[in-house]
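For reference, the structure is listed below as structure tokens.
The values are calculated or read from the model by the stated rules, or taken from the named source; none is laboratory data. Predicted, not measured: the structure shown is a model, and the values here were computed from it. Backbone-built Cβ (ideal geometry, glycine too); neighbour counts: all protein chains shown. Areas reflect the complete protein model, heavy atoms only, side chains present, ligands, DNA and RNA absent. Shrake-Rupley method; radii C 1.70, N 1.55, O 1.52, S 1.80 Å.
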Amino acid sequence: MELLTASALVLVPWTVLLGLTLPSDYRVHAWRATWVGFDVLLLTALTTTAVLAKRRHRAVVIPALASAVLLVCDAWFDVSLALGTPAVWGSLAFAVCAELPMAGFLFHRTHALLRRQWEPRQPPDATDGDARQAAEATTGRL
């Protein structure tokens, strides 16, 4: 916990420093590798999420959360890097209509799965319906 707090506190002045010192534009030499690499990472996270969800594996929460975060990052970078160009409207439309809704869905389902997994277990003498519900809470249904 202390490491996370310290990291967050150090990030504040670092972010201010970057905001004051970074150039407004920059020529990138590894543009293709950066975006293809990011998309491969997103593809891997989405595929892993789909496979684990199909198997109803409780570990699905990890790649689902990673996929949601990557989708938000992708939307942010697509829109922010297209600002000032005609491409911004396509990037904004894709972010609003596809990436952000999918990320919201994944955040919501991940939260629901975690909440169900951490609920107190039903006592052994619970009715069949309660036992079934408790068993479903441990599966990774998205």
(request) Using a 10 angstrom cutoff on alpha carbons, build the Gaussian network for the chain and name the most mobile of Thr110, Thr49, Thr34. (result) Thr34
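For the chain, what is the convex hull volume of its Cα atoms per residue in Å³? Can you show the working numbers first?
Details: hull volume 20.9 nm³, N = 142.
Spelled out: Cα convex hull of the chain, divided by residues, is 147 Å³.
Probe radius 1.4 Å, ligands and nucleic acids left out: which of His111, His29, His57 has the largest accessible area, and how do the rest follow?
From most exposed to least exposed: His29, His111, His57.
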(request) Using the charge dipole of the chain (Lys, Arg: +1 at Cβ; Asp, Glu: -1 at Cβ; taken about the Cα centre), state which of Leu22, Ala75, Met102 has its Cα farthest towards the positive end. (result) Met102
(request) Using only Cα atoms, tell me the angle between helix 61-82 and the longest principal axis of the chain; keep it within 0 to 90° and round to the nearest 10. (result) 20
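Considering only protein heavy atoms and a 1.4 Å probe, what is the carbon-and-sulfur percentage of the accessible area of region 25-65?
Of all accessible area on region 25-65, carbon and sulfur atoms account for 65 percent.
Rounded to the nearest 20 Debye, what is the dipole magnitude of the chain about its Cα centre when Lys and Arg each give +1 and Asp and Glu each give -1 at the C-beta? Walk me through the intermediate numbers first.
Values: 12 positive and 11 negative charges, 75 e Å.
Computed about the Cα centre, the dipole is about 360 debye.
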(message) Let me spell out the model: positive unit charges on the Cβ of Lys and Arg, negative unit charges on the Cβ of Asp and Glu, origin at the Cα centre of region 1-74. What dipole size does that give, in debye rounded to 20?
(response) 460
(request) With everything on Cα atoms, drop me the angle between helix 100-117 and the longest principal axis of the chain, reported from 0 to 90° to the nearest 10. (result) 30
(message) Could you derive backbone 3J(HN,Hα) for region 41-52 from the dihedral phi with the Karplus parameters 6.51, -1.76 and 1.60 (θ = phi - 60°), listing whole Hz in sequence and x where the residue is Gly or Pro?
(response) 4, 5, 4, 5, 5, 5, 5, 4, 4, 4, 5, 5
(request) Quick one: among Ala93, Ala45, Ala64, which has the greatest mean-square fluctuation in a GNM of the chain with alpha-carbon springs under 10 angstrom? (result) Ala93
(request) Report, to the nearest 10°, how far helix 128-137 tilts away from the longest principal axis of the Cα atoms in the chain, using its own Cα long axis and a range of 0 to 90°. (result) 20
